[in-house]
1. With 431, 415, 403 as the choices, which residue is open to solvent by less than 40 Å² (accessible area, probe 1.4 Å) and either in a helix (DSSP H, G or I) or hydroxyl-bearing (Ser, Thr, Tyr) (or both)?
2. Just a yes or no: is a residue in region 261-270 under 15 Å from the mean Cα position of the chain (by Cα), touching a residue at least 40 places away in the same chain (Cβ under 8 Å) and open to solvent by less than 70 Å² (accessible area, probe 1.4 Å)?
3. Scan region 154-181 for residues that are in a helix (DSSP H, G or I) and surrounded by fewer than 22 Cβ atoms within 10 Å (Cβ to Cβ) and jot them down.
4. Report yes if some residue within region 76-91 is of a type outside the set (D, E, K, R) and more than 22 Å from residue 269 (Cα to Cα); otherwise report no.
5. Among residues belonging to region 204-253 that are closer than 22 Å to residue 186 by Cα and of a type in the set (D, E, K, R), point out the one that is least open to solvent (accessible area, probe 1.4 Å).
6. Here are some conditions: (1) at pLDDT below 85; (2) on the phi < 0 side of the Ramachandran plot; (3) surrounded by 10 or more Cβ atoms within 10 Å (Cβ to Cβ). Residue 394 meets all but one. Which one does it not meet?
7. (1) in contact with a Pro (Cβ under 8 Å, 6 or more places away or on another chain); (2) under 22 Å from residue 189 (Cα atoms): which one isn't true of residue 270, the others all being true?
Amino acid sequence: MKKPLALIVDDEPDIRELLEITLNRMNIQTCSAENVAYAKALLQQKPFDLCLTDMKLPDGNGLELVGFIQTLHVPIPVAVITAHGNMESAILAMKKGAFDFVSKPVDLSALRLLVNNALKLSAAPPTKERRSRHILLGESLIMREIRGKINKLARSQAPVYISGESGSGKELVARLIHQHSSRSDHAFVAINCGAIPLELMESEFFGHKKGSFTGAVSDKKGLFQAAEGGTLFLDEVADLPLSLQVKLLRAIQEKKIRPVGEQQEIPVDIRLLSATHKNLNDMVNDGSFRQDLYYRINVIDLHVPPLRERLSDIPLLTEHILAKLTAADKQDRPALSASAAAALQRYHFPGNVRELENILERALALYDGNSIESDDLSLPVATHDLAKSQDFDPSLGSLEEHLEKIERKALSVALEENQWNEIAAAKQLGLSFRSLRYRLNKLEMG
């Protein structure tokens, strides 16, 4: 079996020798270059499987080499070696297409993990857009572009920030990035940050030692350890309190965690994906989200469009959802009448694909006949009509009572549409889980 071939680019002989010895012991052949020009020449002469390059080189920098590798007929994974604490260079390199980074002084165990992940990726055949078209549905131009981006992002270790409205499919996008990556044979761990009680957050993320606090009756692994070798997906990352944002930033930068009650840090190997429906840039400006953490998780931004921006995908989505909901009863699967299909095309879908699923599930329970009619959809009234119905009339009560009535109605609708799943209802309303619980208790609806 042919040995993998790696290119090492560094102008320091001691570093080159250390990397060569480490990779040779992993049964990997190596070639070395001390500058950008010689590295480029070697890349055009030999079929490398991996490249490790220093950032500062005599005739240029590692970023130039990263960009050059992306122009090759078959780009290879390239990792950059940065000075300790120089995260700006690492982030910029990953934005340009670097697979990952390692900091000086080089941690050999972290280097071995990086190399193994890169070689898995190098050995895998290029993924095709069609592999995900039956999972992330839609033939609109914007959805085809997203599937193409997912395949590119899967060939990197760069943190990805997935933005988009509630119900648009952000977690599905995260799962696809994981499934197409070199980490697909390890765990995909997803957590809704708004659903974790404040007092348990640090323990949930980093784990704890037995006896570290009241109730800690045994050692517990945190989410980072649960995702070891795989992908950690932080949904609604905007709901993290500032105190945990600091610790999360350190864990991402150092690739190490310290469980509650533990004296030593533990190395972790995860790929971080995060998402929220909120505007993180606005939160950075108002001080509720750390700017340094924002830049660290937002190395690559992938926006998932709302359903109203891809209305041409509704017929395909409808067909898929109905098939899923009636999988055990294919003979009696109803069709959608022309009027019902037209009604869906006109609807705004504030809850996006999740709302479409709820509408069709409700319609299946209500329809009577061979097809689903527009009345069976029970679509909410148009926004302008709803606004008229909510005009304040002082003769009917105080402003406080009027606002409470509107809030109660909005909470009831969201809970019903999400089958009383409070986490899903909170996401649809743009609230954290804790905020939803507070409002339900205040209105005595909980």
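1. Result: 415 is the single residue among 431, 415, 403 that is open to solvent by less than 40 Å² (accessible area, probe 1.4 Å) and either in a helix (DSSP H, G or I) or hydroxyl-bearing (Ser, Thr, Tyr) (or both).
2. Step one: filter region 261-270 for residues under 15 Å from the mean Cα position of the chain (by Cα), giving 270.
Then drop every residue that is not touching a residue at least 40 places away in the same chain (Cβ under 8 Å), which leaves 270.
Now drop any that are not open to solvent by less than 70 Å² (accessible area, probe 1.4 Å), which leaves 270.
Yes, region 261-270 contains at least one residue that is under 15 Å from the mean Cα position of the chain (by Cα), touching a residue at least 40 places away in the same chain (Cβ under 8 Å) and open to solvent by less than 70 Å² (accessible area, probe 1.4 Å).
3. Step one: of region 154-181, the residues in a helix (DSSP H, G or I) are 170-179.
Matches in region 154-181: 171, 172, 175, 179.
4. No, every residue in region 76-91 fails to be of a type outside the set (D, E, K, R) and more than 22 Å from residue 269 (Cα to Cα).
5. Here is the first cut: in region 204-253, the ones closer than 22 Å to residue 186 by Cα are 204-207, 220-235, 248, 251-253.
Next, from what is left, pick out any that are of a type in the set (D, E, K, R): 204, 220-221, 228, 235.
On the way: 204: 52, 220: 76, 221: 149, 228: 76, 235: 10 Å².
Here the answer is 235.
6. Only one criterion is unmet by residue 394, namely (3).
7. (1)
A quick yes/no check of all residues on (1) within 30 Å of residue 100 (Cα to Cα); (2) crowded, with 16+ Cβ neighbours inside 10 Å; (3) touching a strand residue (DSSP E or B) at 6+ places or on another chain (Cβ under 6 Å):
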position: 284; (1), (2), (3): yes, yes, no
position: 289; (1), (2), (3): yes, yes, no
position: 302; (1), (2), (3): yes, yes, yes
position: 306; (1), (2), (3): no, yes, no
position: 310; (1), (2), (3): no, yes, no
position: 322; (1), (2), (3): no, yes, no
position: 346; (1), (2), (3): no, no, no
position: 349; (1), (2), (3): no, yes, no
position: 357; (1), (2), (3): no, yes, no
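The values are calculated or read from the model by the stated rules, or taken from the named source; none is laboratory data. Values in this document were obtained by computation on a predicted structure and should not be read as measured data. For neighbour counting, all protein chains shown are included, and Cβ atoms are generated from backbone atoms with ideal geometry for every residue, glycine included. Side chains are part of the model used for accessible areas, which takes the heavy atoms of the whole protein and leaves out ligands, DNA and RNA. Shrake-Rupley method; radii C 1.70, N 1.55, O 1.52, S 1.80 Å.
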